[in-house]
1. I want to confirm something. Restricting to the stretch 232-276 and keeping residues that are small (Gly, Ala, Ser) and not in a loop (DSSP other than H, G, I, E, B), which single residue is modelled with the lowest pLDDT?
2. Spot the failing condition for Ala18; the list is (1) within 22 Å of the chain's Cα centre (by Cα); (2) among the small types (Gly, Ala, Ser); (3) over 30 Å from Val237 (Cα atoms); (4) open to solvent by less than 20 Å² (accessible area, probe 1.4 Å), and only one is missed.
3. So if I check each of Gly92, Gly66, Gly26, which one is surrounded by 18 or more Cβ atoms within 10 Å (Cβ to Cβ) and not basic (Lys, Arg)?
4. Would a scan of the stretch 143-150 turn up a residue that is touching a Leu at 6+ places or on another chain (Cβ under 9 Å), polar (S, T, N, Q) and closer than 17 Å to Cys27 by Cβ?
5. So, in the stretch 395-433, exactly how many residues are within 29 Å of His362 (Cα to Cα) and not aromatic (Phe, Trp, Tyr)?
6. Is it the case, given these coordinates, that Ser260 is open to solvent by 50 Å² or more (accessible area, probe 1.4 Å) and more than 28 Å from Leu51 (Cβ to Cβ)?
7. Which is in contact with a strand residue (DSSP E or B) (Cβ under 8 Å, 6 or more places away or on another chain), outside any loop (DSSP other than H, G, I, E, B) and within 16 Å of the ligand (Cβ to nearest atom), of Ala62, Ala58?
8. When you scan the stretch 383-404, do you find a residue that is in a helix (DSSP H, G or I), open to solvent by less than 60 Å² (accessible area, probe 1.4 Å), under 30 Å from Asp186 (Cα atoms) and in contact with a Ser or Thr (Cβ under 7 Å, 6 or more places away or on another chain), even just one?
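The values are calculated or read from the model by the stated rules, or taken from the named source; none is laboratory data. Here the structure is a predicted model, which means the values were calculated and not measured. Glycine gets a Cβ as well: all are built from the backbone with ideal geometry, and neighbour counts include every protein chain shown. Ligands, DNA and RNA are excluded from the accessible area calculation, which covers all protein heavy atoms including side chains. Shrake-Rupley method; radii C 1.70, N 1.55, O 1.52, S 1.80 Å.
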Amino acid sequence: MSKQYTPTIGIEIHVQLATKSKMFCGCDNNSRSAKPNTNVCPVCLAFPGSLPVVNKGAVELAIRLGYGLNAKIADTTSFDRKNYFYPDSPKGYQITQMREPIIGEGHIEILVDNEFKKVGIHHAHLEEDAGKSTHPAGKDYSLVDFNRAGTPLVEIVSEPDMHSPVEAKRYLQEIYAIATTLGVSDGDMEHGNFKFDLNVSVSDTDELGTRTELKNLNSFRNAERSLKYEIARQIEVLESGEKIIQETRGWNDAKSQTVSQRSKEEANDYRYFPEPDIPPINLREEFINSVQDEIKQTVLPINVRRELLQLGLNADEQDILVGQVQTRTIFYDAKNSIANPKLEKKIVNWLVGDYQAWKSEHSESDSKLTGEHLADLIKLIEDGSISSKTAKEIFTDVIAGQKPNEIISQKGLTQMSDDSEIENIILAIIEKNPQAVADYKSGNEKAAGFFVGQVMAATKGQANPGKANALVLKLLQEQ
Ligand SMILES: [Zn+2]
């Protein structure tokens, strides 16, 4: 009989800030289309005599993030040097914050199995990214690109408050949603805007076990998978009477397992000391308030979840609206435009259904869907002007930016709701199909469906189906 082990998980997330320039120099913060080593200057290449200057935009974005993390912003914040040698770090150290991080203690809420749970934030600090090394396969050399050197990051350090892989995944998704909602980061995960390290241990007592660190992950799915694997591995090691080694491990996606990389450094291996080239920054309260006032109108992701939970949305549906800033904006605009709580679930259905289907084949930047147009489309269905089938057919045009009203008048798609018009069509069909009438009369009620189908075909789907059905029954009974 094996013992009961509780996993404990703490997470460090590196969020790339959406500033125009790098952390300590004027180089462009976006090197995506730049050739290697072209987006660099004496500061980010660490030429002797060059001096770093703190990017005010990065400080402002950190202050915004602090709001989303329910955290106190430091009155005084300062920078430190973390010394290490690596070819992609031209300085031989990283400028980071150790003693006086800009964002202090805070917390966020996550939603797990429809229950809200608090996760503590230990602190979050500003720092710069390193360059990028590549090791061409089969070659006896490595290449280094310094374009990324000096990119502004915030590292968010959680408390070890998570106790399952799914809680960890929820925490990551929530921080991601907060950072993108508040415009702190572009959140482009493929390009490394959001990377994280997972610290995990297991224990069957009140004391924490020895932890391992899973480094450099960049997908929510792999976070969950790697934690599941690592927790099972640690339990197996302990059950066999051995000890967990404190070490850094990587996730091998192809093999679906974690692999040992190196033993963990201690903080004092880095010889941290205060950055002598950057004086401490005093943040005035009115400055902090003015930065945070800009975003106080923004609905925070957890409050979106609260609302969606009330609408009866499951976690996956919630994730779509919480995780996609653009889709969420459309939701709120449509909700305001439609001003009818009974139709809110319909807005959600369009956004998590047809809109996601469209997005899976197109780029979001091609979408011109507005909340107002979506609301108009739903209203047209509700008042019987168009069938939901027609609405689905014209949805692509609506996404392309056309007004639903204009599309249906241009294409002549208005639903036929006029009784006498539909009646005439039904009578003509009855006349042509005496056998089906006889079937219905002899008790085969399914025969009515045949007539409704004929009406829809004759009107190219423009008859209101409910109305057509009622009129078919009425006229058949009169035969
Ligand atoms: Zn530079």
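1. Going through the qualifying residues, I end up with Ala267.
2. Among (1) within 22 Å of the chain's Cα centre (by Cα); (2) among the small types (Gly, Ala, Ser); (3) over 30 Å from Val237 (Cα atoms); (4) open to solvent by less than 20 Å² (accessible area, probe 1.4 Å), the lone unmet condition for Ala18 is (4).
3. Gly66
4. Checked the stretch 143-150: no residue is touching a Leu at 6+ places or on another chain (Cβ under 9 Å), polar (S, T, N, Q) and closer than 17 Å to Cys27 by Cβ.
5. The number of residues fulfilling the criteria is 19.
6. Judged against the criteria, Ser260 is a match.
7. Answer to the check: Ala58.
8. yes
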